[in-house]
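Engineer: Handing you this structure, nothing more for now.
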């Protein structure tokens with residue numbers, strides 16, 4: 001079984017500022033459960049034109065901020081996981097989905113990384129912090145640093161294989177469910193207790 005780390009870089013002012021300040025190639029991180037990136041999640045801006053209001057969300061390469069981009073430069077890292085780890089990852093993402101109103105984007109995240117001063121808050125995340133939080137919680141990785149210190153570029157040290165580098169829109173189109181024999185993606189289902197979970 002696999003999950004997928006998706007690193008990207010947009011052409012927004014904020015993305016360019018982060019890249020300039022950190023000298024990193026990639027400025028955004030997402031976690032996908034399928035090779036076609038249909039079930040891709042992260043903390044990102046709620047609306048494409050407002051970089052200051054963010055939330056936990058399911059991201060789509062044909063919607064939101066990405067809709068206006070002809071090309072989305074990025075990288076896909078395939079991370080092998082055990083069935084048990086996969087179940088933990090899906091359960092944690094389901095919790096974020098069910099309680100999305102309780103979580104918010106950590107506006108001070110970039111400042112914390114640049115100044116070396118920060119703290120963890122179980123209700124506030126930046127994109128890379130969320131990805132690391134979920135994978136570390138499933139015992140997939142340990143970068144040896146505090147969660148708030150993790151930048152998107154650092155996630156390249158996760159155990160896995162780079163399976164794509166280039167235009168993420170092109171990659172997603174090639175791996176769309178039902179195309180070229182690609183199997184369907186996991187579906188949202190309801191657990192016996194009545195809580196929604198990822199199957």
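The values are calculated or read from the model by the stated rules, or taken from the named source; none is laboratory data. Everything quoted here is computed from the prediction, not taken from an experiment. Heads up, the Cβs are rebuilt from the backbone with ideal geometry, glycines too, and the neighbour counts pull from every protein chain shown.
Engineer: Is one or more of the residues making up segment 109-116 part of a loop (DSSP other than H, G, I, E, B), over 15 Å from residue 32 (Cβ atoms) and modelled with pLDDT under 95?
Structural biologist: Checked segment 109-116: at least one residue is part of a loop (DSSP other than H, G, I, E, B), over 15 Å from residue 32 (Cβ atoms) and modelled with pLDDT under 95.
Engineer: In addition: Residues that are closer than 27 Å to residue 142 by Cβ and at pLDDT below 85, at least 2 per element: which strands (runs of 3 or more DSSP E) completely within segment 18-87 meet that?
Structural biologist: none
Engineer: Scan segment 167-179 and give yes if some residue there is surrounded by 13 or more Cβ atoms within 10 Å (Cβ to Cβ), farther than 21 Å from residue 34 by Cβ and at pLDDT 65 or above, otherwise no.
Structural biologist: Looking for residues that are surrounded by 13 or more Cβ atoms within 10 Å (Cβ to Cβ), farther than 21 Å from residue 34 by Cβ and at pLDDT 65 or above, one finds none in segment 167-179, hence no.
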